[in-house]
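Quick note: the coordinates plus some simple rules give every number you see, no bench work behind them. Nothing here was measured: the structure is a model prediction, and the numbers come from that model. Methodologically, a virtual Cβ is constructed for each residue, glycine included, from the backbone with ideal geometry; neighbour enumeration extends over all protein chains shown.
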Amino acid sequence: MESIFFGIAITVIAMWFTANYTEKGIGSMSEAMRQFSLFFLNKAPAGLVDLFDSKPGSGARTWINFGMLWFVFSSICGFLGLWHHYDPTALDSLASIGWAYDNGDALTATTTKFLGVAVFSTLVGAGLVSISRSSNGKMASEASASLSAFLFTLTTIFASLLPSLLGLLGQDIDSAINIVLIDAVSKLAVAMIVAGLFVNVLLTVANRGDEEVSTSAWFLIFALLTFILSMFLGFFGELAGSTQIVWLAGQMGSSWVILALIFSAAYHIIPMTSGIPIWSASMRQANLFLLFITLPPFFIASASASTTLLNLGAIVMTLGLLPIIAGSVNLLFTASGNTSAIVKSPGALAATLAMVLLPLYAIGAFFTGMDVFLGTGQLGDMATTLDMGFLWTVGGLMILSGAYISHPLACNKELSEPSKANLTVWFVLFGGFASTITNLIGDFTMQAVANSGVEDAVAQTEGFYLVGAALFYFTAIGAILATLVVIRTSASKITSNHSQTSVSDIDTYNLGDGTTTIRTLLGRGVGVDTTLIVGEMEEDEGGSTVIAVSTALHDDEVTEFPEEEVVEEEQSKETGNELTMLADYLADSGQTIFQFFKSIDLDDSGMIDAYEFQMALKSSKVANLPPWEMDSLIAAIDIDGDGQINLPELSIAIAKIRKANAAKESTSEVGTPSKVQLNKMKKAELVELATSLGLDTSGTKKDLVSLISEA
């Protein structure tokens with residue numbers, strides 16, 4: 001039996017158990033396991049975890065900060081590598097300090113490793129933001145999440161420097177045994193670190209309440225699980241000398257993990273920014289399910305296996321295009337629902353552009369990767385160029401989306417310098433894509449000359465590689481500028497209106513004709529706080545029209561804008577009662593409006609949202625309103641239309657209610673209004689007054705005025 005099937009079986013079983021127990025829990029053991037896991041996260045390693053902040057968002061912020069530093073470092077190495085590809089003698093000046101390159105393989109491997117760490121760290125941070133927003137606004141242990149980011153970075157640096165340190169100590173670093181041992185130990189250490197983060201994520205998702213597990217959370221969970229399994233499989237595969245297990249571990253850690261993290265961030269950022277639910281639930285399910293049972297075409301290595309296994313792998317690799325295209329198309333159609341919001345947000349724009357380019361890179365990588373997988377060796381250089389182009393362009397754009405959307409959310413800050421952030425998006429896009437195309441032309445020219453069979457033929461590719469290196473300079477500059485934007489955002493004093501609380505990313509959702517299910521709506525991104533609009537929306541193409549009528553008709557209370565008056569009257573009836581009860585509560589408890597506002601403004605932001613106001617009304621026993629009624633109450637108080645209430649707005653609303661109540665009391669004390677006052681009243685008010693006086697309510701408004709005035 002092929003050993004690769006053993007590794008696949010372990011992976012499938014682990015994913016099934018994780019999905020099942022994440023969705024259903026573990027029964028009566030849930031609370032005990034939760035307490036044990038929290039103790040492990042908050043206390044181990046003893047004393048070290050206490051060095052990190054436990055504020056909401058601090059864990060995600062730490063991961064993204066480290067990811068941006070790796071992005072800058074890898075972009076510099078990438079530029080040096082491309083320049084060295086053009087001029088192999090470019091780094092000979094470093095020989096004076098004992099460092100010289102015979103070829104650029106070591107620099108390319110280093111760049112690939114550091115860029116992978118940058119993409120992994122940043123997108124893990126973006127995923128932590130998405131799950132914390134749907135799980136009480138914070139991770140189960142923010143300090144442990146920060147610690148895992150620090151240890152992950154420290155381990156990566158140590159593993160990279162260890163061969164050089166062994167060389168200084170006189171050890172034979174070229175020994176195959178030493179290389180395998182160093183790689184295996186580093187994989188085991190990284191797996192243990194990410195395992196702690198994985199437990200933290202599961203505990204956070206368990207705090208979601210009645211919410212379904214979001215699409216972004218599923219991708220993050222499976223990405224971390226796949227990463228851990230790939231490290232363990234690689235560790236035991238290298239110790240056992242199983243090339244198939246090592247090959248499987250490499251494909252899982254490079255393609256499955258990166259793509260899952262990309263989709264995890266995109267499924268949160270694009271629907272949240274556009275305010276549009278996920279376009280297709282079936283394509284979302286296909287994206288999630290097929291990604292982990294097929295072979296994505298990126299970073300394919302040559303497989304030494306039987307012909308039957310190679311043919312099976314080729315079929316699975318062909319199917320690997322389906323989840324990539326399904327996810328990209330699904331997210332692009334979601335973004336098209338509110339293009340203006342996407343374009344205005346640099347982070348959302350970067351994620352959308354990444355989804356545009358992802359299928360193009362996948363198709364190109366499929367043809368070159370198939371050649372490498374089957375071992376024909378004709379397109380090896382082009383496969384490497386496409387894989388690196390995918391990481392630099394799609395991965396780089398997703399790094400920017402996490403830095404410009406998720407990082408400000410984690411910091412509770414507004415993005416600093418949006419114009420510069422937007423410029424870096426285009427720099428990374430142009431630099432990554434243009435350099436990929438230019439280097440591909442150079443690789444193709446080199447391969448064509450080599451296959452021509454003409455002796456002494458020389459491929460003039462230096463110009464292509466020179467232009468490719470020059471174009472990539474835009475990516476390096478974009479990475480540096482993006483890091484500066486992230487630093488300025490962290491240091492900014494401008495707080496954001498979108499705090500780290502448990503919220504739904506979709507405010508409203510229109511239910512058209514036909515049938516649907518709650519599970520389908522949840523799969524599209526609809527949350528428990530989303531306002532569902534039932535029925536088709538009919539928009540009036542024209543503006544308001546004033547109809548000329550005779551003066552006699554005014555006695556029957558025909559108004560120029562009847563719809564607006566009805567809406568205002570209904571809103572006043574809906575909100576007036578709650579505000580009246582709140583005014584009475586403040587008077588009875590002896591609180592001022594300022595004291596009441598301060599007591600419910602838990603984050604001291606100077607603003608209270610619908611959830612905070614709802615909890616305040618409930619705790620004061622004024623009213624227990626559902627979320628859909630809170631929206632109309634907030635809208636009645638919210639003067640500036642920002643969706644939140646500040647102190648002046650609440651003061652004005654309470655003052656209006658108190659003034660209206662005082663006017664009613666004065667009217668009841670004086671008695672029946674005068675005829676002039678009766679003429680100013682609406683017919684509905686006259687009917688109510690006539691009913692209270694025991695009079696006949698039939699007839700026109702003029703009849704009611706006469707009848708009441710004579711009473």
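A few notes on this one:
- Three-way shape call for segment 354-439 based on the alpha-carbon gyration tensor, with the a/c threshold at 1.5: prolate
- Selection of chymotrypsin sites (Phe, Trp or Tyr not before Pro), segment 249-278, meeting DSSP coil and at most 13 other Cβ within 10 Å: none
- Segment 262-289 and segment 105-130: distance between their alpha carbon centers, rounded to Å: 22 Å
- Long-range amide H partners of residue 413 with built H, under 5 Å: 496
- Cβ crowding within 10 Å averaged over residues, with 404-412, 335-343, 357-365 ranked highest first: 404-412, 357-365, 335-343
- Segment 184-254-segment 605-654 distance, computed between alpha-carbon centres (Å): 43 Å
- Partner lysines for residue 659 [C-alpha distance under 22 Å; skip if fewer than 8 residues away on the same chain]: 573, 680, 682
- Taken over segment 196-347, the convex hull of the Cα atoms encloses 126 Å³ per residue.
- Packing-based order for 151-161, 684-694, 470-480, 131-141, using average beta carbon neighbours within 10 Å, highest first: 131-141, 470-480, 151-161, 684-694
- Only lysines eight or more places from residue 344 in sequence, or on another chain, were considered; those with a Cα closer than 21 Å are 413, 420.
- Base-10 log of normalised Debye intensity for segment 389-434 (one unit scatterer per alpha-carbon) at q = 0.20, 0.33 Å⁻¹: -0.63, -1.12
- Spin-label pair residue 21/residue 691, simplified geometry with 7 Å Cα→Cβ offset, distance in nm: 6.2 nm
- Reachable lysines from residue 113, criterion Cα separation under 21 angstrom, eight or more residues apart if same chain: 187
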